[in-house]
Each structure stands twice: as structure tokens, then as C-alpha cells.
């Protein structure tokens, strides 16, 4: 009964959801269905979702492995992030970020590294922010947007992080 309820909720959400949340593969999401049903019409997206659902029932790990291995339209190359997501994150977490940058480690700093697409380079990212702390936060009046601009400029000049971080 719970599965039927969840299926109904998802179906209604799919019918009424805005296509603006889609990241290049339609409202039904990525996965095997997105390979066969490419149009973003309600019918094709329902078929895409149904295909994903059926395949996941027979091969439970297919969606997870598709996401992590950049197949079935699920990889980071198809990820569409808000152009202001990093700015919003920095604004909300500015105090924590400044402390973690000084320390060269921290959860907020790791999340910021992920927002810049620096996968597997969290420690290098943290070390960069720590060693460039004085440049990133020139004075006590430095705003979050000033710090973010300085951080992006600094990362763009670092040869390792420039090639590692996909969304600077």
C-alpha cells in the first residue's frame, strides 16, 4: 500500500512539476529511461520514470551505479546547478567558512569544495584556502561576495585546482 501511495504522489508531482528542475534529461530524472525517452513531454517522462522504476526493481543498484559512473545521463557532466548556488552557500555559511579556512579543514569548506566540483581534492582545496587566507579575507570588512571573487580568482591561478575543480 505504501508503494502505491508513493507511486501516486510521484506521478502527481511529475504531472504538475515544472520542467525547470530538469537537468537535461527531463522531469523523470536520469537513468535507463532517459536513454529511451528523450522528449520532455508528460507521456514520455512518465514512460521514462516507469522504465527507471521497473529496472530498479530487477537490478536495484542500476540507478546508483549509473549516477556514480556517468552513464545513463546521470553524471556530473549533465548536472545543472544554480549559477548562484555557491554564492548562496557562502553567504549563509560565511562565518563558519572563515574559521574553517583559517584552520584548513571543516565540513563547510568541504561542501564549498564540492560546489566548485573539486572532487577528491578537498584537502588541497582546504590547504589552498588556509595558505591564501590573508588574500581571500583582506580585512575584517571583507564581504562574502568579495571573498568568493578572490577565491575563484585564486583557484583559477592554481594549476592543480584549476584542472581539478570543474565549476570555478
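The values are calculated or read from the model by the stated rules, or taken from the named source; none is laboratory data. Just so you know, these numbers come straight off a predicted model, no measurement behind them. All Cβ positions, even for glycine, are placed from backbone atoms using ideal geometry, and neighbour counts span all protein chains on display.
Here are the numbers for this structure:
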{"quantity": "Selection status of residue 99, modelled with pLDDT of 85 or more, in a loop (DSSP other than H, G, I, E, B), surrounded by fewer than 16 Cβ atoms within 10 Å (Cβ to Cβ) and touching a helix residue (DSSP H, G or I) at 6+ places or on another chain (Cβ under 9 Å)", "calculated": "no"}
{"quantity": "Out of 111, 160, 168, sole residue that is under 26 Å from residue 30 (Cα atoms) and either free of Cβ contacts under 8 Å to residues at least 40 places away in the same chain or touching a strand residue (DSSP E or B) at 6+ places or on another chain (Cβ under 9 Å) (or both)", "calculated": "111"}
{"quantity": "Checklist (1) in contact with a helix residue (DSSP H, G or I) (Cβ under 8 Å, 6 or more places away or on another chain); (2) at pLDDT 70 or above; (3) in a helix (DSSP H, G or I); (4) outside the structural domain of residue 124 (by TED's automatic domain parsing) applied to residue 11, failing item", "calculated": "(2)"}
{"quantity": "Residue 161 part of a helix (DSSP H, G or I), modelled with pLDDT under 90 and surrounded by 12 or more Cβ atoms within 10 Å (Cβ to Cβ)", "calculated": "yes"}
{"quantity": "Residue within the stretch 57-68 that is over 29 Å from residue 116 (Cβ atoms), outside the structural domain of residue 149 (by TED's automatic domain parsing) and at pLDDT 75 or above present", "calculated": "yes"}
